[in-house]
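Accompanying notes for the structure given below.
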Amino acid sequence: MNALERSLKIIQFAKPRLLRLSRAYGQYVWDDTGRKYLDCHTGHGVAFLGHRNPKVVESIKRQMDLIMTATPAFQTDIADETLSKLSKILPSDMDYVFFLNSGSEAVELAMKIARKVTGRKCFVSFRNSFHGRTIGALSVTWNPKYREGYEPFPWETIFVPYNDANAITSAVNENVAAVLFEPVQGEGGLTPATQEFAKALVEACEKAGAFLIIDEVQAGFGRTGKVWAHEHLNIKPDIMVAGKSIGGGFPVSIVAVKASIGERLREGDHGSTHGGNPLALAAISGGIDVLVDDSVPSKSSLSGEKLSAELRKVVECCSHVARNVKGKGLMLGIELRFAPDEVIRKLQTKGLLCLKAGTSVLRLLPPYLITDEDIRFCADTINEVLSVWKPESGGSGS
Ligand SMILES: Cc1ncc(COP(=O)(O)O)c(C=O)c1O
C-alpha cells in the first residue's frame, strides 16, 4: 500500500462531536457551512480570553519575528517580560516558576517537587478530583473510568470526600508529601470548596508538614471572579499549577512554588524540551495584558452572576429534568437528573456548544467576553431543549 492510499486516523479517545470547525473569534466559532455557534466549550475552557484575542495574537506574532526556540538555559527578553508580568499576578510569596506545555505536565512536576523536597511518598487527593492523564497526574485523579487498566501507580493516593473537614484532618499525616486541591472541582462536577473545608485543609497540611498543591488549571486566571480561585477561600498554596486559559489558547502551563521550596531545587531535578518556548511565553505575556487591562476577573464575576440567575430560572421551569445550578463565576452548569450527553448534542444543533462535568452536569465554560445577548441566547436555548425533554430519553433518570 503506498502512502497515498493510507487513511491515517486520529485515535478517538474523545467522542466525536460531528462538527467541522473552520474559524473562531471571541466567544464564537463557525463551522464549515458558515454557521455560527456560541462557544461555551472553549476547548475544555482554554479559550476563556476569547478565541484569537488580538492582544495574544499580536504578542505571539511579534515574538515569531524575533526568536521561536530557546530553552530556559538561555536568557531572552520575552522570558524577562513574562516573569515581570507574572510576578504581579502570582500569590505574593511565590518566587519561582517553571513553564511547561499542559496542565498534566504541571501537576506532574508539582508532585515531583513535593516528593523530592519532603522525601515522602504518599499523596492525598479528593473524590471527583481531576488533575490530568499522565501517570503521575492520573494517580491523583479520582474517576475510576480513567484509572482502569493503568493501576498500580508508583505511590499510594488517599482519596478523601471533598468539602469534608473531618476527613481531611484525619487523612493528612507525616507520610503525606502533598495534598492536591482544586478550589472549584471542574471535571468532577463544578463543586466549589467551602471556607470551612479550606481552613481545615490548610491546618492539616501545616500540622503534618505536607505541601498544599493548588490546581488552578481550570478555575484560575479570572474565570471564577478572582485571578486565582483559591483567593475566594483566603488560603495560599505551597505549590500552584495553572494552564488552559493562561496562554489565551496557546498550549502552556506553569508551576509556581514558594521561595522556601524553590531554593531547594537543583539543576537536573526536572527539564522539558518545549517548556518555556518563546511563543508560549509571548502568549502568556499577551494573556496577562488582557487579564489586567480588561479587568477580566470582575467582568467574569458580573457575567457569571447574570448567567447563573438565568440558569436558575431554567432549572425552576424545567425541574422535571434539572436539579440545580452549580459552579462559580463563569464556570457554571446545570445538574440534570440524568447524563447530559444527548442534551449537549441537541444544544449543538441549536448553535450552542457545551460540555459535560461529572456524570450529570451540563457544563458551560464561556469566554469572559459573553454579552447580555449571549447570556440570553444560552439560557433560552437550554430552556427550549430542556422544557420539552422527556426524562427517559436522556439516560437513566434518578
Ligand atoms: C483541574 C485540572 N487539572 C489538570 C488538568 C489537566 O490539564 P491538561 O488536559 O492540559 O493536561 C485539567 C484538565 O482538564 C484540569 O481541569
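Laboratory data are not the source of any read-out in this text; all were calculated from the coordinates shown. Small disclaimer: the values here were computed from a predicted structure and weren't measured. With ideal geometry, Cβ positions are generated from the backbone for all residues, glycine too; neighbour counts draw on all protein chains shown.
For residue 345 and residue 306, the difference between the fully extended length at 0.36 nm per residue and the C-alpha to C-alpha distance is 11.6 nm. Where only DSSP H runs of four or more residues are counted, the chain gives -10500 deg cm²/dmol as its mean residue ellipticity at 222 nm, each run worth -39500 (n - 2.57). Rounded to whole numbers, the Karplus 3J(HN,Hα) couplings from phi for region 119-134 are x, 9, 10, 9, 10, 10, 9, 10, 4, 6, 6, 9, 10, x, 10, 6 Hz, using 6.51 cos²θ - 1.76 cosθ + 1.60 with θ = phi - 60°, and x at Gly and Pro.
Translational diffusion coefficient of region 126-168 (Stokes-Einstein, Kirkwood radius from Cα pairs, 25 °C, 0.890 mPa s): 227 µm²/s. Expressed in Å, the radius of gyration and Dmax of the Cα atoms of the chain are 21.1, 64.
Ranked highest first by average number of other Cβ atoms within 10 Å, how do 274-286, 10-22, 159-171 line up?
My ranking of the peptides, most packed first, is 274-286, 159-171, 10-22.
Each 5 Å bin from zero up to the one holding the largest Cα-Cα distance in region 245-398 carries the following percent of pairs: 2, 8, 15, 16, 14, 11, 10, 9, 7, 5, 3, 1, 0. The loop-placed trypsin sites (Lys or Arg not before Pro) in region 31-73, going by DSSP, that have at most 16 neighbouring Cβ atoms within 10 Å of their Cβ come out as 35, 52. Computed over neighbours whose Cβ is under 11 Å from that of residue 225, the net charge equals +2, Lys and Arg +1, Asp and Glu -1. When the GluC sites (Glu not before Pro) in region 215-283 are filtered for DSSP coil states and for at most 13 other beta-carbon atoms within 10 Å of their beta-carbon, the remaining sites are 263, 267. Around the amide H of residue 356, modelled in the peptide plane, lie the amide H atoms of 363, all under 5 Å away and 5 or more residues distant in sequence or on another chain. A Cα-only calculation for region 25-122 places Rg and Dmax at 18.1, 57 Å. Local charge for residue 272 was computed over the other residues whose Cβ lies under 13 Å away, with Lys and Arg +1 and Asp and Glu -1, and equals -2.
The listed peptides 352-361, 89-98, ordered by packing as a protection proxy, come out as 352-361, 89-98 (highest mean of other Cβ atoms within 10 Å first).
Residues considered: 119, 243, 268. Largest GNM mean-square fluctuation over the chain, using C-alpha springs under 10 Å, is found at 268. Start at zero, step by 5 Å, and the Cα-Cα distances of region 107-189 spread as 3, 16, 28, 26, 19, 8, 1 percent across the bins. Applying a threshold of 20 Å to the alpha-carbon distances of 88/236; 15/328; 36/226 flags 15/328; 36/226 as lying beyond it.
Is the shape of region 183-288 rounded, prolate or oblate, going by the alpha carbon gyration tensor and its root eigenvalues a ≥ b ≥ c, with a/c under 1.5 for rounded and a/b larger than b/c for prolate? Oblate is the answer for region 183-288, as a/c is 1.5 or above yet b/c matches or exceeds a/b. Cross-link partners of residue 390 among aspartates and glutamates, defined as those whose alpha carbon lies under 17 angstrom from its own and excluding same-chain residues fewer than eight positions apart: 316, 335, 341, 342. Between amide H atoms placed 1.01 Å from N, distances below 5 Å from residue 336 occur with 323, 361, 362, all of them 5 or more places distant or on a separate chain.
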